[in-house]
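This report refers to the structure that appears directly beneath it.
The values are calculated or read from the model by the stated rules, or taken from the named source; none is laboratory data. For clarity, every value in this text was computed on a predicted model and none was experimentally measured. So basically every Cβ, Gly included, is an ideal-geometry build from the backbone, and we count neighbours across all protein chains shown.
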Amino acid sequence: MLVTGAGGFVCSHIVNGLLEAGYDVIALDRAFDPTWADRFYKWTRRLEIVQGEASRLPAVKVDALVHGVAITASPERIGMTPEDYLRANIETTLAATSWADRQQVPRTIMISSDAVFTQWVTDRMQSFQPLTEENHISPDSLFGVAKALMEQLVGVLNLNHHRRLFAVRLSNIYGPYEISRPTRPRVSRIASMIHDALTQERVMEYVSSPPTDWTYAPDIGRAIAAILKLPDNQFLHYELLNITAGQTYTPFQVAMTIKEQLPNVEVSVPNVEHGEPLGTRILHRLPLANDRFVEATGFTNWTSLHDGIGQTIAWMRRHLETQR
């Protein structure tokens, strides 16, 4: 297996999930954190680390390609024009599909995102239906445009050019080893809340925020492994699946789950002027539905919020100690 973007938060967990499932893995990225390889010391014989550009993949034979490299930071944040930003994300996608065709890779999985959907102004008390693979995509960011093009490219190449491509769509993810990086400077809200809990003994809970779906990062790796185990007819039939635990939580529920494990933490709300009401409507992206993924793979081994936060707290505590 070849995994691009393997040095990043999500794809490093995909690497681990594939190794745990028994696959040999080539991990490729333009740069790896100094301690990245330490996580995988027990897999030395089955893991090859390759430092290089995703636009120039190595001439190796693999049973599958998982293409996860992407720039998620805004173009302004990293000093790129919108056009150059979009070009950089699309070129790596085209390089991956072209390479998979030349190397006759039996299965290619392209990592997409819920950013293909528009963010809505929603009432925090409003009921909603999770978004399925059938919902119309309408990105409102350059990153979303790049992922929407990826999903549409997969469909067209499979239909008209007999490729063997598959897209998976991810939503909000949290877990160990999540740190700020140049291409992904913002960490998840859960990571931020846990950091504040450990460093300030305080968690800020925005009461106007609606529920959000959250998936524990190691589960993504296990889910990708489950897709790779599908028989050919199912792999090519589904073509696009949402990967999400299907568990939605309000920020208050997240904050209280953190407090369960760190009892000294204070849960507070933002400061407002006396008499000023907290907003009830905010910009929000709806959760993803996972029914099709569960039906296709039978995968239901999702980590609970309580256990996932507990393991993330344990990792972040160790990480903070190394930074002192």
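Structure data summary
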| quantity | calculated |
| --- | --- |
| Residue list for region 142-169, restricted to those being of a type in the set (Lys, Arg) and closer than 14 Å to Arg107 by Cβ | Arg163, Arg164 |
| Residue in region 76-95 that is more than 21 Å from Pro287 (Cα to Cα), of a type in the set (A, V, I, L, M, F, W, C) and modelled with pLDDT under 90 present | yes |
| Any pair with Cβ under 9 angstrom, 6 or more apart, that starts in region 282-309 at a residue that is touching a residue at least 24 places away in the same chain (Cβ under 8 Å) and ends at one that is buried (at least 19 other Cβ atoms within 10 Å of the Cβ) and among the basic types (Lys, Arg) | Leu288/Arg169; Phe299/Arg222; Asn301/Arg222 |
| Total residues in region 156-175, condition in contact with an Asp or Glu (Cβ under 8 Å, 6 or more places away or on another chain) and assigned to a strand (DSSP E or B) | 6 |
| The one condition in (1) surrounded by fewer than 16 Cβ atoms within 10 Å (Cβ to Cβ); (2) closer than 22 Å to Thr297 by Cα; (3) touching a residue at least 60 places away in the same chain (Cβ under 8 Å) that Gly221 fails to fulfil | (1) |
| Segments classed as strands (runs of 3 or more DSSP E), wholly inside region 210-324, with at least 3 members that are within 16 Å of the chain's Cα centre (by Cα), at pLDDT 90 or above and of a type outside the set (A, V, I, L, M) | 212-216 |
| Residues of region 224-248 classified as among the acidic types (Asp, Glu) and crowded, with 21+ Cβ neighbours inside 10 Å, total | 0 |
| Unmet criterion (only one of (1) among the hydrophobic types (A, V, I, L, M, F, W, C); (2) farther than 25 Å from Thr132 by Cα; (3) in contact (Cβ under 8 Å) with a residue 24 or more places away in the chain) for Val66 | (2) |
| Within region 1-32, tally of residues that are of a type in the set (D, E, K, R) and part of a helix (DSSP H, G or I) | 1 |
| Selection within region 148-163 - crowded, with 18+ Cβ neighbours inside 10 Å and closer than 22 Å to Ala225 by Cβ | Met150, Glu151, Val154, Arg163 |
| Residue satisfying condition, being at pLDDT below 90, closer than 30 Å to Leu157 by Cα and not aromatic (Phe, Trp, Tyr), within set Ala70, Ala37 | Ala70 |
| Count - residues of region 54-84 that are surrounded by 15 or more Cβ atoms within 10 Å (Cβ to Cβ) and within 16 Å of Met1 (Cβ to Cβ) | 9 |
| Residue in region 180-200 that is among the acidic types (Asp, Glu) and surrounded by fewer than 20 Cβ atoms within 10 Å (Cβ to Cβ) present | yes |
